[in-house]
């Protein structure tokens, strides 16, 4: 996903490499962390991801949607309201993120 075409082809069959491509991006990890609490709107995710441009956040949300890790729910209201939520597949990443958190607390604090 984030690798060059040559690297991606070489590692496409490795589940560790494919997962690392996805969760090796800190913005994606923060989005998943935030959506673990509850569905959120774009502005809420942006406020939580200080320093991340709206363009970058939009790209990361698109990646997560294409991978089936989040869903996007559009409400027929004015002004328009859109919420993002973790899918079952996205919730599967929470164990990995929790393990990363525990490692960071224990070994990197």
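The values are calculated or read from the model by the stated rules, or taken from the named source; none is laboratory data. A quick note: this is a predicted structure, and the numbers were derived from the prediction, not measured. Every residue, glycine among them, receives a Cβ derived from its backbone with ideal geometry; neighbour counts consider all protein chains shown.
What to note about this one:
- Test: residue 57 is at pLDDT 90 or above and in a helix (DSSP H, G or I): yes
- Any hit, segment 7-25, residues being in a helix (DSSP H, G or I), loosely packed, with under 15 Cβ neighbours inside 10 Å and modelled with pLDDT of 95 or more: no
- In segment 34-44, the residues that are touching a strand residue (DSSP E or B) at 6+ places or on another chain (Cβ under 8 Å), in a helix (DSSP H, G or I) and closer than 17 Å to residue 91 by Cα: 34, 35, 36
- Being at pLDDT below 95 and surrounded by 10 or more Cβ atoms within 10 Å (Cβ to Cβ) holds for only one residue in 85, 99, and it is 99.
- Single match in 57, 45, 64 (criterion: surrounded by 11 or more Cβ atoms within 10 Å (Cβ to Cβ) and under 21 Å from residue 18 (Cβ atoms)): 64
- The residues of segment 74-109 that are assigned to a strand (DSSP E or B) and farther than 17 Å from residue 32 by Cβ, listed by number, are 74, 75, 81, 82.
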